[in-house]
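See below for the structure under consideration.
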Amino acid sequence: MAHPGAPGRGFRRAARRVRPRGRGPRPGRGGGVSVDQGDRKGFVPPPYPYDLLDEARAAAAALPGGAVDLSIGTPGDPVPDVVATALGAAVDPARPYPPSVGSADLLGAVCGWFDRRLGLSLEPAAVGVCVGTKELVVGLPQVLRLRDPGRDTILYPAVSYPSYAMGAELAGCRAVPVAVDAEWRIDLSAIDEADAARALGLWVNTPGNPAGALDDLAAAAAWGRERGVPVLSDECYIEFTWDGSPRSILQHGTDGVLAAHSLSKRSNLAGLRVGYYAGDAELVHYLREVRKHQGFMIPGPAQAAGAVALGDQAHVEAQAGRYLRRMRLLVELLAGLGIEATLPQGGFYLWVAAPDGDAWGLTRRLAETLGIVVSPGEFYGPQGSGHVRIAVVAPDDRLDLVAERAAAAS
C-alpha cells in the first residue's frame, strides 16, 4: 500500500506533464493530448496547469460535502452590493461601442483611487484600461516587440504567475526566468546583462503570487532605467498588503515603468474583466493607440460598475478582513496536521513547504483528508517545487466544513 503522503500514479503522471517555463514548447503536446503536427513546427499549447488537478478534485469530491477548491485565485465571495446595483442600472441595449481607452467615469475613478490610496496625481490621459489584467499580461510582449523589434526577451520572476512566461512564448519571445531569493523576492543581481540587453521588459509582482513577497520596487525601477528596459509591475494584490502600506512602482516615478491593476481581486469582480494600467507617458499612449486597433473593449456596464467599485473602499476593507481570518484559520488547521505555514506579506495565498518536499504528495493528502484542492508549486516555476499554494478564496461556510474535517482527522 502506498504511503499516505506519496502521490498516486496519476499524480506522478500529472507532475511529469508540467513543462518548466522558459524553454521552447514541446511539439505535439497541446493540452495534454497528442497532436499530429505533420510538417508544422509551430507553437503547441502545453497543458493548462490547473487541468492537471482532476485526480485531486475527484479525491476531494468523494468526501461528504464535496470538494473545496482552493487551487485557483478566483474570489468566491459575493459582488459588493454597491457594484451590483451600479451594474444593473448601467444595462442599456442601445448603448454604443464603449471607448477602448476607458470611459471618462472609469478613467476618472482610476485617477481618484491612485490619489486617495497612493498619493499619486495622474491625469486620465496617463491611464488605460484592459479586459482584465491577464489579457494585458499575456498581450504586452507582442505589443512591446512591435514597439522595439530589435529586442526579443521577457524577464520574469522564476517563481511567479505562469502567464508572464506564456505571454512571451505566444509573442515568439524568449521567456527568461530570474532567480528569486530565500524570501521569494526577485533577485535583480541574478539577471545576466546579455539578457538585459535583449529585454523588452522585466516583470515584477508585489505582493507576489504565489508566495506573497514584497519586492524592492524602487530598486526594480532604477534597474530598468539604467538599462532602458521597461519594468512591468503587476500590482493586482495591492489592496491586500499585510506588511506595511500598499506600494506601487509608480511611487518611484513613472518614467520607464508600467503598473497593472485589476478589480478582479480587489472587488470580487473576476467575471466583469476590468483592469487598468498607468505609468510611462509614452508607453501608455502607445498601448492605448495599439489597443484601439486591436479592438479590446471592456463592456460599457462593466466600466460603469468598475468606476463605482473604485470609489468605494468599505467593501475592500471588509474583504481584506475575510482573507486574513481565513489564512489564520488555515495556518491553525495545517499545524494540527503537522504542516507548518506562515502568513504572507501580502496577497491571499498560503505558500506552504511540503514536509517531505513532495508537493504532489501533499496535494493528495490535503484532498483526501481535508477535501481541499491546492496547487503544486511547480505550476509557478521549477524553483517552486516542494511547495503548494493555497488560495483562501472559498466562502466562510466552505472553510467551516474544512475545519470540521480537520478536527475529525486530528
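The numbers here are math on the coordinates, done by the rules we state, and not lab data. Note that this is a predicted model, so its numbers are computed, not measured. We place every Cβ from the backbone using ideal geometry, glycine too, and count neighbours over all the protein chains shown.
Just a few scattered comments:
- Each Cα pair under 8 Å and six or more residues apart adds its sequence gap; the mean of these over the residue count of the chain is a relative contact order of 24 percent.
- With neighbours defined as other Cβ atoms within 10 Å of a residue's Cβ, the residues F296, F240 order from fewest to most as F296, F240.
- Radius of gyration, Dmax [the chain; alpha carbons; angstrom]: 21.3, 65
- Protection proxy ranking for 254-264, 377-387, using the average of other Cβ atoms within 10 Å per residue and placing the highest first: 254-264, 377-387.
- Distance between region 100-162 and region 330-404 - C-alpha centres, whole angstrom: 31
- Extended-chain gain in nm, criterion 0.36 nm per residue less alpha-carbon gap, D255 and T74: 61.9 nm
- Region 278-323: radius of gyration over Cα atoms, expressed as a fraction of 2.2 N^0.38 Å: 1.62
- Per-peptide average of other Cβ atoms within 10 Å, ordering 39-45, 243-249, 53-59, 159-165 highest first: 159-165, 53-59, 243-249, 39-45
- Largest GNM mean-square fluctuation across R95, R291, R185, computed for the chain with C-alpha springs under 10 Å, falls on R95.
- The alpha carbons of region 174-219 give a radius of gyration and a Dmax of 10.9, 29 Å, in that order.
- Per residue, the convex hull volume that the Cα atoms of region 92-310 enclose (Å³): 112
- The gain in end-to-end length when the A335 to D312 segment is fully stretched comes to 4.6 nm, 0.36 nm per residue minus the alpha carbon separation.
- Computed helical MRE - 222 nm, the chain, DSSP H runs ≥ 4 contributing -39500 (n - 2.57), nearest 500: -12000 deg cm²/dmol
- Membrane-span-like helices in the chain, defined here as complete DSSP H runs extending at least 18 Å along the helix axis by their C-alpha atoms with mean Kyte-Doolittle hydropathy no lower than -0.5, are 104-118, 133-147, 314-336, 396-409; this is a sequence and geometry rule, not a statement about a membrane.
- Between R40 and D216, the modelled labels are 4.7 nm apart [label points 7 Å from Cα along Cα→Cβ].
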